[in-house]
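The next block holds one structure in the form of structure tokens; read it before the comments.
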Amino acid sequence: MRKRVTVAVMAAITAMTIWNGEVTARAQEMAPEEVVNVVESYQSASEPELLEDDPLAGRVQGYTQDGVGESQTGISLFSIYDNGYTHNSRYNGMTVRDGIDVSYYQGDIDWNAVKSSGIEFAIIRAGYRGYQYGNLKEDPKFWQNMQGATAAGLKVGVYIFSQAITEAEAAEEANFLLSRIQGYRVELPIVMDFEYVSGVAGNGRLYQAGLSRDKATSVCSAFCNTVINAGYTPMIYANKSMLENQMDGNYLGARYKIWLANYTKQTFYGGPYTYWQYTSSGKVKGIKGLVDMNFWYDDSTMTPTVSTEDASKFTTLLYENFLEREPDTSGLEHWIGKVQGGRTGAEVAHGFVFSDEFVSRNYSDDIFLDRMYQGLMGRPSDEAGKSDWMEKLRNGVSREYVFKQFVDSEEFTNKCKAYGITRGTVTLLESRDANYLLTRFVVRNYTEFLGRPYDVDGLNYWCGLILAGKVDMASLAHGFVFSEECMNKNLSNGEFIKMLYRGCFDREADEGGYMEWLDSLDSGKKSRDEVCRGFVNSQEFYNLVRAYGL
């Protein structure tokens, strides 16, 4: 996200002039020839061609984002070395990490140079929704940036520049991101960049929609909940004004992570935030032009001082609820050591839930969930919640997926806090856990076309193909219908057509349609392949896919 550097600003840097009454500490330290080198690096950065309908267009052309800053102080040279930023006291004890966010407009990036400069993380744009027409488009540099950043050893997150005006569009944007991160180690959040478009006629479709504060909050929540259901951590990016006025930043911040944009040396935003984008005018080795700079308040390295008594109590409860026994002395000492050594509550609980001792008992889903509720939330299951988890397990997600939702819950968080333990989380690796709605749809293909429950390897295979964009829903159904397993059923033409009605339309055949399709097969006018394609390419099949939220 870069802005054009004007000649006036260049002159200000070269002459060491004052910006808004201040001279940056870094500029004061620089030798004249060093300043010239920095200026020349800006001048040599070519302006990339604007992407069609890209909501970043305004900022690329040199406009300031509406409401971002209280006191934009000009170019922040070598921002990561600048000690002039004041952090809120709530982050005392946390590790403040330096990072950037990038898109197509940073051009070709030398990620090893970026890493060597001291940058620890990058949030990479995967795509955007057009500010005029609303189409989703992929950032042309996304794959290159993902591969480069991860290969260089940076922690990465991904974002989409949103223009969503409904909950359905927000969920669509979340799924757009989720479909593009398979195969990558994404340790940081999945982000919805929710902002108006500045510097373009009408300020874009989000601005024109005039969403109420409650509606905008609901749209952001829909994005976050879709990401959570896929087993990832969501985050909302917005500027200070947007969080305070156009949405309920406190409500969102209490439930999801917030990435605050506020271009100032000290932000006075009062709501919760985990990341702070403090300038769009940073300069980092390995990037020719300007780049957004960010702080990440990382609490993962904070090793709490956990007493032996608290560590023993926490671990003993896990023994009692999951292994149904008193802890043995050596085992208890082992886990107390892990807790006091900084292992998170999620990591320790995972060691119990997926231990050989627990897994060997082959508990039913019903009993497994009762253990989750009692062991991680400290209470019996509630009927509605348990029923929902039972349905998700029947529809193909793993127990690891369920475990993650429990340890990410407020109840488990509070339980860890009570013992002075950092909660932590787990990373899901199976394709079937990436998007529950997709997994549910793939599972119905097993039921309708093969007449049997799914197998885990097959489910991961099909989900992986779809998430990678190699197969669409029509091709998925066609693949099942003409699989060796389905063909070996030796269905008659009539049975074949009835199967297509159930599998592709989710209903029994109507007499007129059934007879028409049957005649086309019996007479040889159409092959089974042509008939199947008629079903999977129909509006009714499309409507079924949409009904599954895909």
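Longer than 31 Å from Cα to Cα, which of LYS115/LYS417; LYS404/LYS470; LYS215/LYS470 are they? Say none if no pair is. Intermediate values should be presented prior to the final figure.
Details: LYS115/LYS417 34 Å; LYS404/LYS470 28 Å; LYS215/LYS470 35 Å.
Checking Cα-Cα distances, LYS115/LYS417; LYS215/LYS470 exceed 31 Å.
Quick one: what are the phi-derived ³J(HN,Hα) couplings along the range 170-175, Karplus 6.51/-1.76/1.60 with θ = phi - 60°, whole Hz, x for glycine and proline?
Along the range 170-175, the couplings run 4, 5, 4, 5, 4, 5 Hz.
State, as an integer percentage, the relative contact order of the chain based on alpha-carbon contacts under 8 Å between residues 6 or more apart.
Relative contact order of the chain: 13 percent.
In terms of Cα to Cα distance under 16 Å, which aspartates and glutamates are near enough to LYS265, apart from those fewer than 8 places away along the same chain?
GLU22, GLU70, ASP82, ASP98, ASP292
Can you give me the C-alpha center-to-center distance between the range 326-404 and the range 439-470, rounded to a whole angstrom?
26 Å
For the range 352-420, I need the span (max minus min coordinate) of the C-alpha atoms along each principal axis, in Å, sorted largest to smallest.
34, 29, 18
Using square roots of five times the C-alpha gyration tensor eigenvalues, list the equivalent-ellipsoid semi-axes of the range 196-277 in whole Å, biggest first. Provide the component values of the computation, followed by the final result.
On the way: eigenvalues 80, 66, 27 Å².
Three semi-axes, in Å: 20, 18, 12.
Taking just the alpha-carbon atoms of the range 408-550, what radius of gyration and Dmax come out, in angstrom?
Values for the range 408-550 (Cα only, Rg and Dmax): 20.1, 75 Å.
Tell me, what is the percent relative contact order of the range 298-442, built from C-alpha pairs under 8 Å that lie six or more residues apart? Numbers along the way, then the final one.
Numbers: 149 pairs, mean separation 41.0, N = 145.
After rounding, I find 28 percent.
Straight-line reach from LYS338: which aspartates and glutamates have Cα under 17 Å away, leaving out those fewer than 8 places along the same chain?
Of all the aspartates and glutamates, those that pass the test against LYS338 - Cα under 17 Å, at least 8 places apart if same chain - are GLU309, ASP310, ASP328, GLU347.
Is it possible to state the helix-based mean residue ellipticity at 222 nm for the chain, with each DSSP H run of 4+ residues giving -39500 (n - 2.57), the sum divided by total residues, to the nearest 500 deg cm²/dmol? What is it?
So the helix-based figure for the chain works out to -12000 deg cm²/dmol.
Percent of accessible area on the chain owned by carbon and sulfur, 1.4 Å probe?
Details: 11240 of 23710 Å².
The C+S portion of the solvent-accessible surface of the chain is 47 percent.
Leaving out same-chain residues fewer than 8 places away, which lysines sit with a Cα under 25 Å from that of LYS526?
Candidates past the 8-residue exclusion: LYS489, LYS498.
Expressed in whole Å with the largest first, what are the equivalent ellipsoid semi-axes of the range 204-345 derived from the C-alpha gyration tensor as the square root of 5 times each eigenvalue? Working shown, then result.
Working: eigenvalues 333, 93, 36 Å².
Equivalent ellipsoid of the range 204-345: 41, 22, 13 Å, largest first.
Taking the simple approach of a point 7 Å from Cα along Cα-to-Cβ for both ALA201 and ASP455, what is their distance in nm?
5.9 nm
Starting from a Cα-only point model with no solvent, please compute log10 I(q)/I(0) by Debye for the chain at q = 0.08, 0.13 1/Å.
Results for the chain at q = 0.08, 0.13 Å⁻¹ read -0.64, -1.31.
In nm², what is the average projected area of the convex hull enclosing the Cα atoms of the range 281-392?
Details: hull surface 47.2 nm².
Result: 11.8 nm².
Give me the 1.4 Å probe accessible area per residue for the chain, excluding ligands and nucleic acids, in Å². Present the calculation step by step, with values, prior to reporting the outcome.
Values: 23710 Å² over 550 residues.
Spelled out: the 1.4 Å probe surface of the chain, per residue, equals 43 Å².
The values are calculated or read from the model by the stated rules, or taken from the named source; none is laboratory data. Remember, predicted model here, so these are calculated numbers, not experimental data. Glycine also receives a Cβ, built like all others from the backbone with ideal geometry; neighbour counts cover every protein chain displayed. In case anyone asks, the SASA skips ligands and DNA or RNA and just uses the protein heavy atoms, side chains included. Shrake-Rupley method; radii C 1.70, N 1.55, O 1.52, S 1.80 Å.
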